[in-house]
Amino acid sequence: MQLFRIFFLIISLGNVLPVFALQPNLSLTDTAHYYMKHSYDVLHYNLDLDIYTCYSTPYPRSFSANEVITVKVDSVLNKIKLNAVNTSLEIDSVNMAASSFIHLNDTLTIQLDRTYLPGESLNIKIFYRHKNVSDYAFYAAYGFVYTDSPPEGARKWFPSWDRPSDKATCELHAKVPLSVRLGSNGILADSLISADTIRYHWISSQPIATYLIALSSRINYLIHQEYWHKLSVPGDSIPIRIYYKTGETLSTINNLICPLTDFFSIKFGDYPFEKIGFATLNTLFPWGGMENQTMVHLQPGGYNSSDLISHEHSHQWFGDLITCGTWADIWLNEGFGTYCQNLWVEESQGYDAYKTNMNTLANVYLSSNPGWPLYHPEWAIHTPAGSTLYNTAITYNKGACVLHQLRYVLGDSTFFHVMNSYATDTNFRFKNAITEDFVAKVNQASGQNLNWFFDEWVYSSNHPVYQNTFEIKQVDPQSWKVKLVLNQTQTNTVFFTMPVQIGISFTDASDTLFMIMNDTNHQVYEFNFIKQPLNVTFDPLRNILLKQATTVVGVKPDQKKNGFCLYQNEPNPFHKSTSVSFEVGHSEQVTLSIVDMMGKLINIPVNGNFEPGKYRFDIQDINLTSGIYLLKMEAGSYRSVKKMIVMK
């Protein structure tokens with residue numbers, strides 16, 4: 001998805017919901033999996049909509065419908081709860097395995113005809129009507145009828161278990177006027193004409209998340225169709241259906257879609273679905289584009305934007321094939337989509353164009369960073385406002401920049417091997433992945449432990465602020481020494497361990513570039529040369545996109561900082577108590593404070609004047625709930641921050 005009109009976004013998706021709290025006895029890494037589970041598994045949605053009257057003035061949004069939902073029971077149950085928004089839907093009756101219902105507080109509770117045991121399957125049929133309301137999920141205006149469901153709008157036009165973790169196959173029947181062309185997910189099974197009516201029947205045989213189920217239709221839509229041939233089986237072709245209006249030009253998308261599909265297929269495995277579909281909508285559509293599975297929606301004029309097309313098309317792999325398990329993992333959709341969009345720029349225009357775009361993404365993040373991490377565990381439970389969930393600076397830009405930085409850390413060969421291994425892993429294909437799954441896959445496919453990288457860039461907020469210093473000294477007539485001190489001064493997040501490229505230029509117009517590992521603060525490096533250095537450049541290629549940095553010549557480090565050190569608390573993670581150690585270089589007032597990831601002060605376990613020496617304090621149970629906290633030490637001008645994890 002690409003953002004377009006925030007005005008509609010804010011209206012349609014509501015307010016931030018209450019603060020997150022982990023369930024008792026669950027670790028942080030288990031929480032998302034816990035909230036992906038419920039008492040049944042939806043296997044199939046069969047929707048039948050009569051939207052015949054929605055295409056003519058006054059373009060009502062009301063329609064009648066029925067659906068059959070097939071579910072497999074995961075625990076003993078005699079009732080099923082579905083999401084169904086009361087202001088949008090009126091439930092008329094239920095049958096098959098359903099005996100009665102209650103529709104209150106946007107929840108449809110269906111009493112079953114008996115008690116079902118784990119492993120049994122059942123069908124329930126629901127007859128319902130959509131009210132004539134504007135709910136920013138079902139749109140009807142000026143001959144257009146379409147749906148738009150992210151993140152939880154499906155529940156406004158059909159009762160469903162409307163969370164991204166329960167993917168199901170789907171089919172959609174729609175009764176429309178004869179002049180209407182209607183597209184949906186999957187393959188068109190049939191279109192039956194009777195007098196002035198046509199009934200479309202679309203079938204998606206591959207599992208799909210509810211927010212990706214969609215229809216797009218219009219009176220006198222034009223359809224352009226061609227085919228993409230699979231790279232693995234060239235004789236096997238995939239239809240491409242492009243829905244457009246008179247006056248729209250298709251030259252950009254026609255020239256782009258097959259080479260783009262080839263490129264993503266080489267990188268991430270063959271295009272996974274039975275159709276490639278696109279449709280441009282009207283000005284009421286609130287996004288730039290929406291990656292509905294096999295039926296991408298674009299804003300008017302979207303066929304002229306290669307960036308928009310490549311972003312949405314890449315979602316068929318990252319977002320549709322592999323869907324975020326919870327909304328806490330939305331960066332696995334949008335960060336990946338934004339990054340893949342720029343991979344296509346690299347492929348089609350060269351690395352410099354790619355890097356220029358990535359620098360722009362980073363600059364937007366740095367100028368408008370709201371200060372929260374990429375991964376918010378509370379979003380797994382309570383879906384935030386759309387302006388938060390789909391925040392440009394974090395979800396899109398930081399997510400994409402983190403992938404660039406992962407590429408920098410791993411190197412191109414390993415990085416693209418990791419991405420292909422993730423995209424082709426049968427544990428995730430046509431299923432879901434959460435952030436912990438991706439981290440584990442990176443570790444497994446790379447043969448490295450990259451937990452430190454994700455702890456910094458995904459689970460922690462903000463970014464490093466470097467204030468580096470260097471000195472150049474002549475040791476004798478034929479040798480020079482460069483002393484470099486790397487300092488991170490941020491106080492609103494953790495210390496960022498990173499490999500850093502250092503560039504040194506010389507008076508003979510030559511230069512050298514080498515890598516060092518920056519794994520402690522106030523880290524000192526010394527380099528000896530037999531020719532005269534002229535200047536030192538920190539991260540000259542800007543591969544650490546998400547940072548602020550200055551490197552100043554001829555300034556010695558603040559001597560007051562020497563001898564001060566905050567060590568990592570042990571154990572970490574901890575349950576009830578942990579110990580923290582610190583070192584004091586000279587007599588100084590020392591404060592140790594505990595804050596949460598949003599910067600709220602929780603506790604001050606140490607606050608007093610200390611003489612030079614090493615100290616150790618126990619932090620007993622101070623009513624900390626499970627989660628990630630920051631331990632901050634302040635001593636004069638010295639600042640240090642460490643992350644600690646509480647698990648209960």
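Each reported figure results from applying straightforward, stated rules to the coordinates on display, with no laboratory input. All figures in this text were calculated on a predicted structure; none of them were measured in a lab. Every residue, glycine as well, gets a Cβ built from its backbone with ideal geometry; the counts of neighbours run over all protein chains shown.
Cross-linked pairs 79/156; 37/600; 156/441; 473/632: Cα-Cα separations exceed 28 Å for 37/600; 156/441; 473/632.
Under 11 Å from the Cβ of residue 216, count the other residues' Cβ atoms, weight Lys and Arg +1, Asp and Glu -1, and hand me the total.
Details: positive: 181, 218, 241; negative: 148.
It works out to a net charge of +2.
Principal-axis analysis of the Cα atoms of the chain puts helix 435-446 at an angle of about 60° to the longest axis.
For segment 465-557, what is the charge dipole size about the Cα centre, in debye to the nearest 20, if Lys and Arg each add +1 at the Cβ and Asp and Glu each add -1 at the Cβ? Provide the component values of the computation, followed by the final result.
On the way: 7 positive and 7 negative charges, 31 e Å.
For this selection, approximately 140 debye.
Of all beta bridges that DSSP places with both ends in the chain, some 85 percent have antiparallel geometry.
On a 0 to 90° scale, report how tilted helix 251-268 is relative to the longest principal axis of the chain, with both axes built from alpha carbons and the result rounded to the nearest 10. Its long axis makes an angle of about 60 degrees.
For the chain, the longest principal axis of the C-alpha atoms and the axis of helix 399-410 are separated by about 50°. When P(r) over Cα pairs in 10 Å bins from 0, in percent is calculated directly from the model, which label among (i) 3, 12, 19, 24, 23, 14, 5, 1, 0; (ii) 3, 14, 25, 29, 19, 7, 2, 0, 0; (iii) 3, 14, 23, 23, 17, 11, 6, 3, 1, 0 fits? Comparing each candidate, only (iii) matches the computed number.
Could you please report the charge total around residue 68, scoring K, R as +1 and D, E as -1 over all other residues with beta-carbon less than 12 angstrom from its beta-carbon? Result for the local shell: -2.
By the helix-only formula, in which each DSSP H run with n ≥ 4 contributes -39500 (n - 2.57) and the sum is divided by residues, the chain has a 222 nm mean residue ellipticity of -6000 deg cm²/dmol. Its relative contact order, with pairs defined as Cα atoms under 8 Å and 6+ residues apart, puts the chain at 11 percent. Each other residue within a Cβ distance under 11 Å of residue 201 adds +1 if Lys or Arg and -1 if Asp or Glu, for a net charge of -1. Relative to one another, the C-alpha centroids of segment 412-460 and segment 213-253 are positioned 32 Å apart.
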